[in-house]
Amino acid sequence: MRGPAARLLLIAACFFFPIAHARWHARPAAASCIPKERDALLDFKRGINDPEHRLSSWERTHDCCSWDGVSCSHRTGNVLKLDLSEVNPDYRDYALEGQISPSLLHLEHLEYLDLSWFNQTGSNNNNSLEFLGSMKNLRQLHLTGSLFFGGIPPQLANLSKLEYLDLSLTSFSGKVSPEIGNISTLQHLDLGNMQDIYSLDISWLTHLHSLEYLDMSFVNLSTVVDWIHAFNMIPSLKVLHLAYCGLHGTNQLLGHLNLISIVELDISFNYFHHPVASCWFWNVTTIQSLELSQTYLYGFFPPSLGRLTSLQSLGFADNANAAKMVVDLKYLCELEYLNLSRSLSQGNIKDLVDKLPHGTTTRKISGTGNCSSLYVIDLSNNYLTGYIPSVMSNGHRNEEEVDFYGEWSNRVAEFVLLVVIKCQMLKYGASFFGLVSIDLSENYLTGGIPDQITSLNGLLNLNLSWNQLTGSIPEKIGDMKSVESLDLSRNYLSGEIPQSLSELTYLSYVDLSYNNLTGRIPQGRQLDTLYTENPSMYDGNHGLRGPPLQRNCSSGNISVEKGNQTTSEKDSETIFFYFGLGSGFMVGLWVVFCILLFKKTWRILCYRLFDRAYDRVFVFVVVTRGRLARQATAD
């Protein structure tokens, strides 16, 4: 750029740059830590047993606003956030412990306090958490996984600004304050161990008028009879987690429903055992996520489920195959996740799929409208019957074909369907989702494999093994270009293997064993590689001939000597293969062992994963045992 315009631009730059530079340097620096608040934090530190030096940055010579886990206002220097979870990532092996000093009251502007996975020590008389009720500016309080004395202090009801409260997995041992109400011994999970605690009256929660998030999962509320009424008096609630709480009954009558802002409700792993239609939450139209797994609700879902148009996730798994779904869900356009596994007592697969949300409310391909966000459907281990609907294909076909896939499952006793679908909207209504995985293994499916299944060109996994399928493998199986895993083993399939199978370049696993397949095996580099990795992929098909098998298609001309030589070579290769496999396993095992031995953070992470798995199994056993004991007592 030249001429007058360039000169004007240069003049403007020379004029504005000094001004901007001066204003930048004139900005005030971030305020430093308030001495009184620094001293309060140091007093808190003195009460903490910190053998791993998690609080090593907490030194008087450093600005406390730069300490790990501490955040301050840039304008005033007041401490706004204290988060011990940031300084204690390895909480399971090196949990912070000690006494909670009331000196924290000097943090008058504190809005965020996280004492998660903290073990309180000392006598319960000197270590009450009652002072937390005086921290009037608190908006978030995290106590998950911690061990405290003195019970849940009812003084928390004074936190009028509190918006977020997490008490999940928290153990309050010892006697509670008289204000809490009736006291009786309960059991509560804490860090994988069941400990005796005392029951609590949760009525103090009703004073938290700003509370939006509440998690009390794993807190034993089995003696709280009117829990629904208590939570109904907190109209500001948006998220409520009450999993593993020993709750009884969600069918209590509410004179007036105040929980009209709930978007996420989790009451899973509680034994309710009453009709699902009688639950109180079906008229809360704001719900986006509803988790009801292992609640043992039964019977027909209510029609009001079809009016929860904001619903994005519905978990209703492991409910003893006692529920029935006849509700029309096609208007739930926001639904992304649906899990009804091991919960439905009966139903027709076509009717159920027809009631799911899809591109249009009609079955016409020419229809318009986008009403499908589904990406996961789990209908596994249910007693569904009927034919596989062709809506599970992904091709342009005429309307006569938009009905069924042929005669599948007409005698199915236990229908297993696990379908994972892409999160995308298709342009034609008949195909409202693009399948990624189909697993129909270990059933009683009969008939042939429909040719239309090859139109699922986005499919990654197809497993039809251990059924009673007959007929031939679809000739256009090679059109499924994206398939990575194909398992048709343990059926009664006959005929030749289509040559197009060799065109599936993304294949990483194939199993066609134990069928009645005949003829020459298709040749291709991908299939040859897969055979090397899985030499049993053609086993049980005595009519197959040609490489890589040793059975030749010609009727003779193979000498016994050559056959013996080939067999010997194959045996040598097999021995070498297993030797290499064993050696590789040992080397890999030692590599992992050495890494865990010398890499402390990895070792801690590994132990944590094992501990979490152990905790889940332990909780399931204890909860199930307690439920069975109550049933036996009732009987």
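The values are calculated or read from the model by the stated rules, or taken from the named source; none is laboratory data. Since the structure is predicted, the reported quantities are computational estimates derived from the model, not experimental observations. With ideal geometry, Cβ positions are generated from the backbone for all residues, glycine too; neighbour counts draw on all protein chains shown. Heads up: the accessible areas ignore ligands, DNA and RNA and are worked out on the full protein's heavy atoms, side chains in. Shrake-Rupley method; radii C 1.70, N 1.55, O 1.52, S 1.80 Å.
Structure notes:
- Remark on the range 201-326: hydrodynamic radius 14.7 angstrom, per the Kirkwood mean of 1/r across alpha carbon pairs.
- Measuring between their Cα centroids, the range 335-349 and the range 245-303 lie 17 Å from each other.
- When a 1.4 Å probe is rolled over the protein heavy atoms, the share of accessible surface on the range 288-328 that falls to carbon and sulfur comes to 50 percent.
- Rounded to the nearest whole Hz, the Karplus-based 3J(HN,Hα) values (6.51 cos²θ - 1.76 cosθ + 1.60, θ = phi - 60°) of the range 458-466 follow the sequence x, 5, 9, 9, 9, 10, 10, 5, 6, with x at glycine and proline.
- The length gained by stretching the chain between Ala31 and Ser345 to full extension, at 0.36 nm per residue less their Cα-Cα distance, is 106.6 nm.
- Pairs spanning more than 31 Å between alpha-carbon atoms, out of Lys136/Lys238; Lys238/Lys330; Lys45/Lys238; Lys36/Lys161: Lys45/Lys238.
- Coarse-grained scattering of the range 470-515 at q = 0.32 Å⁻¹, given as base-10 log I(q)/I(0) from a Debye sum over alpha-carbon atoms: -1.27
- On full extension, the segment bounded by Phe131 and Tyr383 gains 85.2 nm, given 0.36 nm per residue less the C-alpha separation.
- Cα-projected label distance for Arg520 with Gln468, points at 7 Å along beta-carbon direction, nm: 3.6
- Value of Rg to Rh for the range 265-350, rounded to two decimals, is 0.92; Kirkwood radius and Rg both from alpha-carbon coordinates.
- Distant-in-sequence amide contacts of Thr385, defined by a placed amide H-H separation under 5 Å and a gap of 5 or more residues or a different chain, comprise Gly347, Asn348, Ile349.
- Label point 7 Å beyond Cα of Tyr331 along Cβ direction - residues of the range 291-307 with amide nitrogen under 15 Å: 302-307
- In this label model, Ser57 and Ser482 are separated by 4.4 nm, measuring between points 7 Å along each Cα→Cβ vector.
- The phi-based Karplus calculation (6.51 cos²θ - 1.76 cosθ + 1.60; θ = phi - 60°) puts the 3J(HN,Hα) values of the range 288-293 at 10, 10, 10, 10, 10, 5 Hz, whole numbers, x for Gly and Pro.
- Cα pair distances of the range 236-300 binned at 5 Å [whole percent]: 4, 18, 27, 28, 19, 3, 0
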